[in-house]
Amino acid sequence: MVRAVSGYIEANKLMDSNLISVTNFMKQLLLFSCLLLLRLTCYGQQPALSLSLTDHVVDLTNRNWSFVAYEPKQTPAYADVSTRQDWQPIKVGQRWEKFGHPELIDKTVWVKLTFRVSAPLKGYKIGFFASMIDDEGAVYLNGQPMGKFKYLTGGKIPHPVDVDLTSALRREGDNELMVEIRDAVRQRMGGIIGSACLYKTLPNTLTDSGDIQLTNPTNEPLAVLLHQGDARLVRGSQQTFDRQTLATLHTPPSILRTDELIIVAPAKDVPARNYLTVNLDNINPTTSSTPLSITSGPLPATVQQYKQLTIPITVGGTFTNPFDPKQITVQAIIETPSGRIEKVAAFFAQDFEPVSPGPEQEILLPIKGNPWKLYYRPRETGVHKVELFAEDRTGLNHTMAGSFTAVASDARGYLRKSTVEPRFYEFDNGEPYYGRGPSGWFRGSRFLFGGNIRWVPYKMMDEYYDRKQANGSNFEYLSTFHYGTLYIKNGFVDQHVAWKMEQSLRSMERHGLYWIVFHDGVLRSWQNGFETLPYSTAQGGPCHDINEVYTNPLALEMQKNELRYMVSRMADSPSLWMWNCGDESQPGTKLSTVMVRDWLKELHGYIRQTDIYGHSHSIGEYENAVLNGGDVVLLGDWYYHNNNRGDDYDQLCNGEKSQDNVSYNLCLQDKFKDWKVPVVNIEGGICQYDYLAGWLSGEKYKKQFPEAMDFHQHLWVSLFTKMAAGGTEWLNQAVDDMKELYHAKAVQTYIQGEPLTRTFHAVITPTVSDSGLRAFGLQTDAKTLIWVDNRFYTWYNIGVQQKAPVAVRKATLQVPVKRPGTYLVEYWDTRKGGITKTIPLKTGGSTVTVTLPDVDKDMALKLIYQPL
């Protein structure tokens, strides 16, 4: 830059001495401007950041920050950090590696930014806001500590970082914002992730009753900005409010969101622009004092079997919380054609329109809709009679809704454990089901999940499901807390979270995906502090410590109210495969394991009472999943661990076995191979080897593992060991980014039309002439399905050791058969999912000898008996 400025001075001298023409001077001036712009760009310099009277939210993700880094064990003081001269430029808003700094993942990083505020901002609160900062640290302004934060990535995000900077703010001159970011959970992510902004607002508080209370009275007309300044609060055409109106809004919990900022400003200081609008007229109030009543609109004459019927109801009543069945209960009792009685609960809901303010972002805007919804799906054909009931503290109201006739449809129905092949599931119509991953938890490029309303958009999930369906996947394993905390303070249900959860389920239904509903309302919040639980006394609940959550009658009632809401809103869907409550190692097990097991049984028992559709249950993991009364065994995971976790399965199956996906999974499954119940290993893969964050984010996976080989192998070995699902790779986003989802399509094509659950399939082991191969088979009287795997083609050899595949040549396969005769042999490509050739073979004995092509990875075959 110095040379560029010198060039400009020289140009002036030349002009003054008339040694060059004005034209040449202008050329040099233009050249100087370009050089100066280039220098500014290269050094990351931008115009000074200033917060003015009309600035209410200033995005910091498009600003240039500076950083210095320390080793994890170093704990420098602020004074030592601030005097360092080696600060380097960096951006924020995504993980460190997304900005070209993967080396920062495991380090303590300090970042800083300079800004100014204009003098007239006296009386405003000035704050720093970030969706999440991973993992823990502190915020400083002008050398003063302003606040601390701590997150546990993988749990719920309890709240954003929201720090009041006002007390240390300089009204004149520069302000230096500095953030210390320590890596508390080794090798997870790191960075200021999602939104980061400065904001200003008139100091205010959102009360439990949904009112906005100003700290300092004012008589000016006021504007309220929501969703980080992208939306404006309105009532019809009214865009401004007085303080008295704001103090009596009575908005439902979760509609005005402090985790998205609530900005109050004099209306004259809010510039005109096309804001998104949160219209108070569109919000369903959660309090009512109308007379108790329930009426129904006309029912359709016919409803297709297994298709959703929304019973059109209108409800009046007296309540202050419609999610508390002690205050109001609305339900239908239905008599089916067979005479069976079924009872389904209605639920209270807010409708939304999703809008996208930017890539991977989503805001939900309230729209008008009936607050009470009642879903039902007939499984029998014939006449169904419907009666409706509403009850509040004033009494009981009843009405006859009428009747409808359920007619047969081509829908497959619900998933049930097969009676012929109890290791597999099938639909009500008898069609077999084999779950094909990858697993769930799709997280976007910022890897946010567990509760940020803006940065975990439903639309992104819906588009991902498009790709899953197109590539043959039909399995989803997703937590209910993926979008946030459903059940919140004072027993309310967060309607943003509930809407996204239901919409994801309806998207699964459209895309032919079947969901293992992983629900945990305890562990993933407790990890961020007991006070984040709605059952804690800090949130008005009954529990003083975590152990009381498992036994306290009122806490159990609250948990059942949450489950009741989930069942009423989601259980009608055939895409709900099974319920799985509780997560991994509950904190209560430190006091008593049997207490936690009893708690799980009680919660699942309540679901069984309220879920008329009879979905499956896994009540815990491994043996306990069935011993606790469940229908299916869920294995904890199939992650490759370089360091042992310490449990029995890990000790038995890790080491060299875990370097080979097939051997590792055979070991994990071995204890349950003869169990006549479905078994699913719900998630796993490469991401925990060496506990490297590169695995977790998928970056290392994409670089080192060709064609998502562990996903591919898990799909095939799980099928041939009669697991109920396979390919449950947890790094689904990496598989998707690599465009490797197609492996599920190959398996889908291979088993298309195969009667997996209508005819018993014996597990056989064909003999291979070369020990470099291993073979697996499923056999009926007339057909044998075979998968041949190259033992050398493992994730450890190919990915970690970076070795080339070693083909096995001229091998033969001895396949036992049930009868002599002619067999048609089909050779299958396990990646493209097609037949590569067919040949007839005859045998006069009990085996068929098949010559194999060169096998460098794997292949599949079918031996089909040809009757005379």
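The values are calculated or read from the model by the stated rules, or taken from the named source; none is laboratory data. Here the structure is a predicted model, which means the values were calculated and not measured. No Cβ is skipped: glycine too gets one built from the backbone with ideal geometry, and neighbour counts run over all protein chains shown. These accessible areas exclude ligands, DNA and RNA; they are computed on the full protein's heavy atoms, side chains included. Shrake-Rupley method; radii C 1.70, N 1.55, O 1.52, S 1.80 Å.
Among the residues of the stretch 839-862, those identified as open to solvent by 50 Å² or more (accessible area, probe 1.4 Å), assigned to a strand (DSSP E or B) and of a type outside the set (Val, Ile, Thr) are 840, 842.
Every residue, every condition in (1) modelled with pLDDT of 95 or more; (2) among the hydrophobic types (A, V, I, L, M, F, W, C); (3) in contact with a Phe, Trp or Tyr (Cβ under 7 Å, 6 or more places away or on another chain), yes or no:
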residue: 802; (1), (2), (3): no, no, no
residue: 808; (1), (2), (3): yes, yes, no
residue: 814; (1), (2), (3): yes, no, no
residue: 821; (1), (2), (3): yes, no, yes
residue: 826; (1), (2), (3): yes, no, no
residue: 829; (1), (2), (3): yes, no, no
residue: 836; (1), (2), (3): yes, no, yes
residue: 844; (1), (2), (3): no, no, no
residue: 849; (1), (2), (3): yes, no, no
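Quick check on this structure: which one of 202, 225 is touching a Phe, Trp or Tyr at 6+ places or on another chain (Cβ under 9 Å) and open to solvent by 20 Å² or more (accessible area, probe 1.4 Å)?
Working: 225 fails: open to solvent by 20 Å² or more (accessible area, probe 1.4 Å).
The conditions single out 202.
Answer yes or no: is there a residue in the stretch 730-738 that is surrounded by fewer than 24 Cβ atoms within 10 Å (Cβ to Cβ) and within 23 Å of residue 827 (Cβ to Cβ). Write out each step before concluding.
Narrowing the stretch 730-738 to residues surrounded by fewer than 24 Cβ atoms within 10 Å (Cβ to Cβ): 733, 736-738.
Next, only the ones that are within 23 Å of residue 827 (Cβ to Cβ) stay: none.
No, the conditions are met nowhere in the stretch 730-738.
Scanning the stretch 648-666 for residues that are farther than 27 Å from residue 519 by Cα, open to solvent by less than 50 Å² (accessible area, probe 1.4 Å) and either at pLDDT below 90 or in a helix (DSSP H, G or I) (or both) returns 653, 654, 655, 658, 661, 662, 663, 664. Say whether the condition of being touching a Gly at 6+ places or on another chain (Cβ under 6 Å), buried (at least 19 other Cβ atoms within 10 Å of the Cβ), of a type in the set (A, V, I, L, M) and more than 22 Å from residue 222 (Cβ to Cβ) is met by at least one residue in the stretch 107-126. Checked the stretch 107-126: no residue is touching a Gly at 6+ places or on another chain (Cβ under 6 Å), buried (at least 19 other Cβ atoms within 10 Å of the Cβ), of a type in the set (A, V, I, L, M) and more than 22 Å from residue 222 (Cβ to Cβ).
Output the number of residues of the stretch 235-250 satisfying the condition of being part of a helix (DSSP H, G or I) and not hydroxyl-bearing (Ser, Thr, Tyr).
The initial filter retains those residues of the stretch 235-250 that are part of a helix (DSSP H, G or I), namely 243-246.
Keeping just the survivors that are not hydroxyl-bearing (Ser, Thr, Tyr) gives 243-244, 246.
Within the stretch 235-250, residues that are part of a helix (DSSP H, G or I) and not hydroxyl-bearing (Ser, Thr, Tyr) number 3.
A single member of 590, 560 is over 22 Å from residue 157 (Cα atoms), free of Cβ contacts under 8 Å to residues at least 12 places away in the same chain and in contact with a helix residue (DSSP H, G or I) (Cβ under 9 Å, 6 or more places away or on another chain), and it is 590. Set side by side, the residues 374, 388, 364 differ, and just one is in contact (Cβ under 8 Å) with a residue 12 or more places away in the chain and touching a helix residue (DSSP H, G or I) at 6+ places or on another chain (Cβ under 6 Å), which is 364. Has the stretch 456-466 got any residue that is open to solvent by less than 10 Å² (accessible area, probe 1.4 Å) and among the charged types (D, E, K, R)? Looking through the stretch 456-466, none of the residues is open to solvent by less than 10 Å² (accessible area, probe 1.4 Å) and among the charged types (D, E, K, R).
Being open to solvent by 30 Å² or more (accessible area, probe 1.4 Å), in contact (Cβ under 8 Å) with a residue 40 or more places away in the chain and of a type outside the set (Gly, Ala, Ser) is true for just one of 245, 302. Which residue is that?
Testing whether each residue is open to solvent by 30 Å² or more (accessible area, probe 1.4 Å), in contact (Cβ under 8 Å) with a residue 40 or more places away in the chain and of a type outside the set (Gly, Ala, Ser) leaves just 302.
Residue 752 fulfils the conditions (1) crowded, with 18+ Cβ neighbours inside 10 Å; (2) without any contact (Cβ under 8 Å) to a residue 60 or more places away in the chain except for a single criterion, (1).
Pairs linking a residue in the stretch 850-868 that is in contact (Cβ under 8 Å) with a residue 12 or more places away in the chain to a residue that is assigned to a strand (DSSP E or B) and open to solvent by 30 Å² or more (accessible area, probe 1.4 Å), with Cβ atoms under 6 Å and 6 or more positions apart or on different chains, are 851/812; 864/783; 864/824; 866/822; 866/824. Which one of these is open to solvent by 20 Å² or more (accessible area, probe 1.4 Å), among the hydrophobic types (A, V, I, L, M, F, W, C) and closer than 22 Å to residue 264 by Cα: 152, 169? Every option except 169 fails the conditions. Of the strands (runs of 3 or more DSSP E) lying entirely inside the stretch 54-113, those containing at least 1 residues that are in contact with a Cys (Cβ under 8 Å, 6 or more places away or on another chain) are 57-59.
Residues of the stretch 640-647 include none that is open to solvent by 10 Å² or more (accessible area, probe 1.4 Å), touching a Cys at 6+ places or on another chain (Cβ under 8 Å) and modelled with pLDDT under 90. Pairing residues of the stretch 346-360 that are over 26 Å from residue 59 (Cα atoms) with residues that are assigned to a loop (DSSP other than H, G, I, E, B), at Cβ distances under 6 Å and at least 6 apart in sequence or on separate chains, gives 346/374; 348/322; 348/371; 350/284; 351/369. Summed over the stretch 814-824, the residues that are open to solvent by 40 Å² or more (accessible area, probe 1.4 Å) and assigned to a loop (DSSP other than H, G, I, E, B) give a count of 3.
Restricting the stretch 782-813 to residues that are among the charged types (D, E, K, R) and either open to solvent by less than 60 Å² (accessible area, probe 1.4 Å) or outside any loop (DSSP other than H, G, I, E, B) (or both), the residue that is nearest to residue 710 (Cα to Cα) is 789.
Right, residue 465: of a type outside the set (A, V, I, L, M, F, W, C), within 16 Å of the chain's Cα centre (by Cα) and farther than 29 Å from residue 210 by Cβ or not? Before the answer, list the steps.
Working: of a type outside the set (A, V, I, L, M, F, W, C): yes; within 16 Å of the chain's Cα centre (by Cα): yes; farther than 29 Å from residue 210 by Cβ: yes.
Yes.
Residues 202, 222, 198, 177: which one is among the hydrophobic types (A, V, I, L, M, F, W, C), more than 30 Å from residue 143 (Cβ to Cβ) and touching a residue at least 12 places away in the same chain (Cβ under 8 Å)? I'd like the intermediate steps shown before the answer.
Values: 202 fails: more than 30 Å from residue 143 (Cβ to Cβ); 198 fails: more than 30 Å from residue 143 (Cβ to Cβ); 177 fails: more than 30 Å from residue 143 (Cβ to Cβ).
Residue meeting the stated conditions: 222.
Restricting the search to the stretch 414-453, which residues are closer than 26 Å to residue 358 by Cα and open to solvent by less than 20 Å² (accessible area, probe 1.4 Å)? Those that are closer than 26 Å to residue 358 by Cα and open to solvent by less than 20 Å² (accessible area, probe 1.4 Å): 440, 441, 442, 443, 444, 447, 448, 449, 450, 451, 452, 453.
For the stretch 501-554, a residue qualifies if it is small (Gly, Ala, Ser) and either touching a residue at least 24 places away in the same chain (Cβ under 8 Å) or in contact with a Leu (Cβ under 8 Å, 6 or more places away or on another chain) (or both), and the qualifying residues are 504, 507, 512, 521, 525, 529, 540, 541.
If you go through the stretch 667-716 and keep only what is modelled with pLDDT of 95 or more and closer than 13 Å to residue 794 by Cβ, you end up with 712, 713, 714.
Quickly run through the stretch 351-367 and pick out the residues that are open to solvent by 50 Å² or more (accessible area, probe 1.4 Å) and outside any loop (DSSP other than H, G, I, E, B). Give the derivation first.
Of all residues in the stretch 351-367, those open to solvent by 50 Å² or more (accessible area, probe 1.4 Å) come to 353-354, 356-357, 359-360, 367.
Scanning the stretch 351-367 gives 353, 354, 367.
The condition of being touching a strand residue (DSSP E or B) at 6+ places or on another chain (Cβ under 7 Å) and closer than 26 Å to residue 297 by Cβ holds for only one of 354, 378, 325, that being 378. I'd like the full set of residues that are more than 16 Å from residue 494 (Cα to Cα) and in contact with a strand residue (DSSP E or B) (Cβ under 9 Å, 6 or more places away or on another chain), limited to the stretch 552-572. 552, 554, 555, 571, 572 - these are the residues of the stretch 552-572 that are more than 16 Å from residue 494 (Cα to Cα) and in contact with a strand residue (DSSP E or B) (Cβ under 9 Å, 6 or more places away or on another chain).
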